[in-house]
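Scroll down for the structure; my scribbles are underneath it.
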Amino acid sequence: MHSYEPRQGHRLAHDPLNAIVAPRPIGWVSTTGADGTPNLAPYSFFNLFNYRPPIVGFSSIGRKDSVTNAEASGEFVWNLASVALAERMNATSAAVGPEVDEFALAGLSAQPSTLVGPPRVGESLVAFECRVTGVQELTDTAGRGVDAWLVLGEVVLVHLDDSVLVDGVFDTLAADPLLRAGGPSDYFTLAPERRLRMDRPG
């Protein structure tokens, strides 16, 4: 059994934490800068945190443009990163200045949102328009900030492409989400033969 205290180092070739908590949905977040420039960036730490009202969140290592923009405007959009959009999603992870439009950089169309200001990815099969409910710097057990920022937002409008709806039910396999895993470049995909169904007891 390999055991370690994270604060003292993992003593492995690569930190295993993001490979253990995997695969994860990708937080492909669009925001708008103060000057109106669209911003689009993928986040490895993203998830759904509440059902009613629906609340999603992403965490940024370092206070990046998405955090600054979301806090200032009070809005962001989450876009589903599908396998078909993998290369263009990856292109939006480039370290560029706030004046750069990542939609244009990755050859994506910026589709106007309905209830919020930031655009959504026109090619994405699913998008959540969100209003920010909180921005918080994460802290360690001593209460010290760790320069990681959690942004939470209530989903106020959901966009679903007709192709991902089968008899009124969202079909996860049809959406073909790209999932982030460990290491510097590992991603996973879903396959029908890996489906496992379990009903809750009682």
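The values are calculated or read from the model by the stated rules, or taken from the named source; none is laboratory data. Keep in mind that this is a model prediction, so the values were computed, not measured. Virtual Cβ from ideal backbone geometry, glycine too; neighbours counted across all protein chains shown.
Miscellaneous remarks
- Looking at 55, 61, just one residue is within 19 Å of residue 148 (Cβ to Cβ) and either without any contact (Cβ under 8 Å) to a residue 24 or more places away in the chain or surrounded by fewer than 15 Cβ atoms within 10 Å (Cβ to Cβ) (or both), and that residue is 61.
- Figure legend. Inter-residue proximity from segment 141-152: first residues within 20 Å of residue 74 (Cα to Cα) and touching a residue at least 12 places away in the same chain (Cβ under 8 Å), second residues surrounded by fewer than 16 Cβ atoms within 10 Å (Cβ to Cβ) and aromatic (Phe, Trp, Tyr), beta-carbon distance below 9 Å, spacing 6+ or different chains. Indicated pairs: 152/49.
- Segment 187-202: number of residues that are in a loop (DSSP other than H, G, I, E, B) and either more than 21 Å from residue 80 (Cα to Cα) or not hydrophobic (A, V, I, L, M, F, W, C) (or both): 9
- Top-ranked residue in segment 127-186 [being polar (S, T, N, Q) and in a strand (DSSP E or B); ranked as farthest from residue 86 (Cα to Cα)]: 139
- Screening segment 63-85 for residues that are assigned to a helix (DSSP H, G or I) and polar (S, T, N, Q) and picking the one that is farthest from the chain's Cα centre (by Cα) gives 73.
- Checked against the criterion of being buried (at least 16 other Cβ atoms within 10 Å of the Cβ), more than 20 Å from residue 172 (Cα to Cα), aromatic (Phe, Trp, Tyr) and modelled with pLDDT of 95 or more, segment 68-79 has at least one qualifying residue.
- Strands (runs of 3 or more DSSP E) wholly inside segment 1-52 that include at least 2 residues being touching a residue at least 12 places away in the same chain (Cβ under 8 Å) and among the small types (Gly, Ala, Ser): 27-32
- Looking across segment 105-128 at every residue that is free of Cβ contacts under 8 Å to residues at least 24 places away in the same chain and touching a strand residue (DSSP E or B) at 6+ places or on another chain (Cβ under 9 Å), the one that is surrounded by the fewest Cβ atoms within 10 Å (Cβ to Cβ) is identified as 112.
- Taking segment 129-144 as the range and being more than 17 Å from the chain's Cα centre (by Cα) and surrounded by 11 or more Cβ atoms within 10 Å (Cβ to Cβ) as the test, the residues that pass are 137, 138, 139.
- Residues that are in contact with a Phe, Trp or Tyr (Cβ under 9 Å, 6 or more places away or on another chain) and in contact (Cβ under 8 Å) with a residue 24 or more places away in the chain occur at least once in segment 181-201.
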